[in-house]
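Heads up: the structure comes next, in structure tokens.
The values are calculated or read from the model by the stated rules, or taken from the named source; none is laboratory data. For clarity, every value in this text was computed on a predicted model and none was experimentally measured. Ideal geometry is used to build each Cβ from the backbone, glycine not excepted, and the neighbour counts take in all protein chains shown.
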Amino acid sequence: MKTGRPPKQERPAFGQRLNELREAAGLTQAQVAQKLGMSQRAYSHWERRPVSLRPDQMQSLASALNIPVGMLLANGQSQRRGSGPAGKMRQLFEAASKLPRSKQEKILDILQPFVREHANGNV
């Protein structure tokens, strides 16, 4: 989902992790900013500059990305277990992330009800 202009300077470690987690969630900066009730410009500052977030901001951010807060704080580059090849779903999602946005939205329309149903315990 590499859109927008490239950064002029290297991102801080937290900003890089935040960028990777946002892209893994398939969200744009504008979408995350909207979920947080802030401007895209203010959110982009979090990814591009050293910031110090309050605990409530960390919780809101984790919620917006649909991840546990610990993933925002993790030191490692990746949270994947093992060193083997990516699973079929991961490979499929990585390929789907390269499709045009309209095609991605069609895939989301199909998958989101299944994921919601599972999350609600209605398996």
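Within segment 27-64, can you find the residues that are exposed (fewer than 15 other Cβ atoms within 10 Å of the Cβ) and in contact with a Gly (Cβ under 8 Å, 6 or more places away or on another chain)?
Scanning segment 27-64 gives Arg49, Pro50, Val51.
When you scan segment 73-117, how many residues do you find that are more than 19 Å from the chain's Cα centre (by Cα), at pLDDT below 80 and in a helix (DSSP H, G or I)?
1
For the subset of segment 44-66 comprising residues that are within 26 Å of Leu111 (Cα to Cα) and modelled with pLDDT of 90 or more, which member is nearest to the chain's Cα centre (by Cα)?
Leu65
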